[in-house]
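Since every read-out is calculated from the coordinates, none of them should be taken as a lab result. Please read all numbers here as calculations on a predicted model, not as lab measurements. Reconstructed Cβ throughout: ideal geometry from the backbone, glycine too, with neighbour counts over all protein chains shown.
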Amino acid sequence: MPVLNEAGYLQRAVQTVLAQELDGPAELVLALGPSTDGTTELARRLAAGDDRIVLVDNPGADIPKGLNLAIRASTHPTLVRVDAHSELPPGYTRAALAILAGTRAANVGGVMRADGRTPFQRAVARAYNSPIGLGGGAYHGSASAGEAESAYLGVMRRSVLDEVGLFDETIRRGEDWELNLRIRRGGYRVWFDPALSVTYWPRESWVRLARQFRATGAWRGELVRRYGRRNSLRYFAPPALLVVIALAVVLGVLQLTRVLTGWPSAVASIVYLPLVAYLLVIVGVALSGAGGTGRAGWRDTLWTMIVLPTMHLSWGVGFLGGAFTGARDTIDTSRLGSRNTPLP
């Protein structure tokens with residue numbers, strides 16, 4: 001579990017991991033980044049109370065670096081990736097191990113079931129759980145088990161990672177997708193099963209959400225630079241939306257200034273249709289309650305209308321920058337409060 005500024009979530013996340021019932025020994029390795037909210041002190045108190053908890057320092061703070069440090073510090077043949085912003089349900093690990101054995105896969109994962117505590121966070125959770133929000137990847141709600149492109153979190157065989165390599169530390173976001181690509185290239189199977197479900201708590205503010213998605217989009221653009229069409233077409237939808245918006249703005253200016261009139265203007269106005277359709281879809285998702293957590297009110301609905309475009313446009317801006325110039329030193333600063341500068 002890579003950990004950075006998770007004082008409000010870490011204890012519950014650790015409790016759900018340690019409560020897993022297994023037939024053999026287990027340990028929980030926490031890779032501690034340079035937190036500023038008391039997370040490190042909390043982790044040390046938790047470790048002092050349970051000898052199954054192992055702590056390692058992750059001064060670079062990057063997730064792939066933390067994951068690799070934790071893997072190297074672990075001692076067992078099966079690796080269960082967990083997240084400080086997630087909660088494992090009872091029986092998750094036992095079920096995952098059975099699926100891993102039954103499918104002979106190298107990595108298995110399930111559904112990322114987002115949830116929220118406030119109207120804003122519930123709106124983000126609804127967006128996560130909806131195909132409109134994150135593009136319909138299997139782990140955002142598919143009902144069918146089968147081979148998959150990637151796996152949320154993941155329960156992995158150490159022997160396979162020893163063969164294909166650990167997480168690529170030059171990739172700060174999307175490192176799981178890239179690892180699963182190498183696993184599949186190595187002739188191994190990545191498996192999705194909806195019977196596995198993990199609760200995920202999204203970002204708690206609009207600014208943090210925008211930061212997260214801009215960074216994620218930048219690294220997806222970087223992965224497109226590196227791996228081209230091995231990336232799913234769904235990743236190109238947000239930048240395409242940005243291009244359409246830009247065209248619509250230019251056309252609107254030309255029409256308002258009477259530079260473009262008559263039938264050419266009428267024909268060009270077709271560019272507005274995708275935007276009208278997009279807005280109708282956003283409103284429809286917000287009003288329908290699709291992907292909700294069962295506690296939606298009018299504020300949840302309004303936030304959903306804001307959250308979905310925020311996710312799409314932030315991701316698209318990041319993607320275009322990453323695709324054309326590379327992600328470079330782009331980091332996800334959404335766990336850093338008001339900080340928006342590179343970590344040490």
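Charges on Cβ only, +1 for Lys and Arg, -1 for Asp and Glu, centred on the Cα centroid of the chain; of Gly110, Thr310, Leu55, which one is farthest towards the dipole's positive end? Selected residue: Thr310. When only the Cβ of Lys, Arg, Asp and Glu is charged (+1, +1, -1, -1), the dipole of the chain relative to its Cα centre reaches about 840 debye. The angle separating the long axis of helix 92-103 from the principal Cα axis of greatest extent in the chain is about 90 degrees. In the chain, the DSSP beta bridges split such that about 40 percent are antiparallel, to the nearest 5. The amide H of Ser197, built 1.01 Å from its N in the peptide plane, has Val111 as neighbours under 5 Å, considering only residues 5 or more places off or on other chains. Computed from Cα atoms, the angle from the helix 298-325 axis to the main principal axis of the chain rounds to 90 degrees.
Specify the angular offset, from 0 to 90 degrees and rounded to the nearest 10, of the alpha carbon long axis of helix 119-129 from the longest principal axis of the alpha carbons in the chain. Its long axis makes an angle of about 90 degrees. Considering every alpha-carbon pair of the range 113-209, the percent of pairs per 5 Å bin, from zero through the bin containing the longest distance, is 2, 12, 19, 21, 18, 14, 9, 4, 1. Think of it as helices only: each DSSP H run of n ≥ 4 in the chain is worth -39500 (n - 2.57), and spread over all residues that comes to -15500 deg cm²/dmol at 222 nm. Centre-to-centre separation between the Cα atoms of the range 211-271 and those of the range 2-77: 41 Å.
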